Each structure stands twice: as C-alpha cells, then as structure tokens.
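Nothing in this text is a laboratory measurement; each read-out follows from the coordinates by a stated rule. Remember, it's a predicted structure, so these values are computed and weren't measured experimentally.
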Amino acid sequence: MIEEKTKKDVVVRLKTLKGHIQGIVNMVEDEKQCEEVLLQITAIKASIEKIGLILIEDNARECLMETENSSEDVDRVLKNIIKFLR
C-alpha cells in the first residue's frame, strides 16, 4: 500500500502534468514552433520518470522492509524496477 505522503505527492505531480499536457495541446493548436513543443514534451517525460521513481521507491521500501517477505516478493519488486528502467 502506498504511503499517504507519497500518494499526495504523486497526485499533485499528476495533476500538474495534466495541466502541462493541456498547455502542449494549446501550443500545437496555436501552431507554436516545433522546438518549443518538444521542449515541453521533454519536461513531461522527465516528470513522468520522476513519478515512476517515487512509486518504485515507495514500493521497494514497503516490500523490502517487511520481515516476512518471500523471495518472490523481492523478485516482484526487482522486476518492476527493471521494467521501469527499460
């Protein structure tokens, strides 16, 4: 289960991204320069990666801190990390 503090942080970041994406839609509709649009897309990609890392960290901490973890639990966390990093 995701920590409440992490949950709030992720929700705020996702709502910010939602607004940022709408801004890019407006830029495309207004026929802004390609370089400007791509710069904003790059910023969104970085934000999404940050959110993913926050979630992975929270999940890994929760799973790995529990004393009754099985090797399957640890493998699941590691697979999620590897999948995200690809």
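See the values below:
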{"item": "Given (1) 15, 35, 26, 15, 6, 1; (2) 20, 52, 25, 4; (3) 21, 61, 18, 0, the label whose value is P(r) over Cα pairs in 10 Å bins from 0, in percent derived from this model", "result": "(1)"}
{"item": "Alpha-carbon centroid distance for the pair segment 30-86 / segment 14-29, whole angstrom", "result": "21 Å"}
{"item": "Contour excess over end-to-end distance, with Cα ends at Lys15 and Ser71 and 0.36 nm allotted per residue", "result": "16.6 nm"}
{"item": "At least 27 Å along the helix axis (C-alpha) and Kyte average at least -0.5, DSSP helices within the chain", "result": "4-29, 34-65"}
